[in-house]
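J.: Mind looking over this structure? Questions follow.
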Amino acid sequence: MSLHTIELDFPEAIIEYPLAESDGAQLFWKLVYDLIPLCDILTEKGVAIAATFDKQVSCRAGCGVCCQQMVPLSPPEAALIADVVSRLPEKRRMEVLNTFSDAVSRLSEAGLLEPLLALYREGADAETVRELNRRYFALSIYCPFLVDGSCSIYPWRPSRCREYSVLSPSDLCSNPFNPGIRQLPLTVKMCESFSIEWSTLMNRPPEIIPLVYALEWVETNLSTVSLEIPEKDVEKVKRRILERVCARANEIARERMKTP
Ligand code: SF4
């Protein structure tokens, strides 16, 4: 299998990203496995830049407070999560399935599920998003994959988890809405670009799915799991997603420069 690369000019660094040549048609959601490591590369670059300003990431194994927040997934990442769960050993799988189911019931009872699902489809201002996130956090719904304060699916965690690191003292994180919290200011938003590509291929509005709703969402959207990209288009689709991630990152950087 030969390797092509794509040059991506991110605000953090220029990245030569490898694009493995496809040897056949590929399921769309599986492109996540090829493209999501970009988040880790950019996080590494961001950490190195922060270090030049004497700033260190304060996130530590065993903390996990951020795993009590709403984790947004693109449709292919929801399929990835369903795949990860399906491969768990039986006993663990049953525990995780129960935790997912409990979380969805609690979101529904609190009247939060529908507004969260409509958030991206219908658009919302920053204050509405913040308020929904605040209500979600208040429910203390921990991610079903959090075990003893650490991520039990670390190599397969979604893009948003990879893009989130904190530079401020970790004791401030007990309230994620504390204005003193300083995140590593990365510009990568991979979830959004996956969602837009999915919507183009499916001819549907883009969607963002709360992680705890991933399994139910996949069950009612099985066409996402079976969406196949013909061999001749696989590299084109990967390039399109990566170029969109990069363009959006530069847009975010420009917006930040305008903000005093
Ligand atoms: S997937 Fe892992 S890192 Fe992400 S919220 Fe869940 S436990 Fe935390």
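Each value in this text was obtained by applying a stated rule to the coordinates, not by laboratory testing. Keep in mind the model is a prediction, meaning the values are calculated, not measured. Neighbour counts are summed over all protein chains in view; Cβ atoms, including those assigned to glycine, are modelled from backbone coordinates with ideal geometry.
J.: Give me the orientation-averaged projected area of the Cα convex hull of segment 1-141, in nm², one decimal.
T.: If you wrap the Cα atoms of segment 1-141 in a convex hull and average its projections, you get 12.4 nm².
J.: Per-residue counts of other Cβ atoms within 10 Å, averaged by peptide: what ranking do you get for 224-235, 141-152, highest first?
T.: The most tightly packed comes first, giving 141-152, 224-235.
J.: Mean shadow of segment 3-258, computed from the convex hull of its alpha carbons, in nm²?
T.: Averaging across all directions leaves 14.2 nm² for the Cα convex hull.
J.: Now for a separate question. At 0.36 nm per residue, minus the direct Cα-Cα distance, what do Glu131 and Lys91 gain on full extension? Give it in nm, one decimal, please.
T.: Computed gain between Glu131 and Lys91 is 10.8 nm.
J.: Sort 182-195, 111-124 for me by packing, meaning the mean count of neighbouring Cβ atoms within 10 Å per residue, highest on top.
T.: Most protected by this proxy first, the peptides run 182-195, 111-124.
J.: Under the rule a/c < 1.5 gives rounded, and otherwise a/b versus b/c splits prolate from oblate, where does segment 1-76 land using the Cα gyration tensor?
T.: It is oblate, given that a/c is not under 1.5 and a/b is not larger than b/c.
J.: On a straight-distance basis, which lysines could pair with Lys55 in a cross-link, Cα separation under 21 angstrom, same-chain partners fewer than 8 positions away excluded?
T.: List returned: Lys45.
J.: I need the calculated FRET efficiency for the pair Asp23 and Arg254, taking r as the beta carbon distance and R₀ as 30 Å, to the nearest 0.05.
T.: Calculated value: 0.15.
J.: Based solely on its DSSP helices, what 222 nm [θ] is calculated for the chain when runs of n ≥ 4 H residues each add -39,500 (n - 2.57) and the sum is averaged over all residues, nearest 500 deg cm²/dmol?
T.: Helix contribution divided over all residues of the chain: -16000 deg cm²/dmol.
J.: Can you order the peptides 36-42, 102-108, 85-91, 15-21 by their average number of other Cβ atoms within 10 Å per residue, highest first?
T.: 36-42, 102-108, 15-21, 85-91
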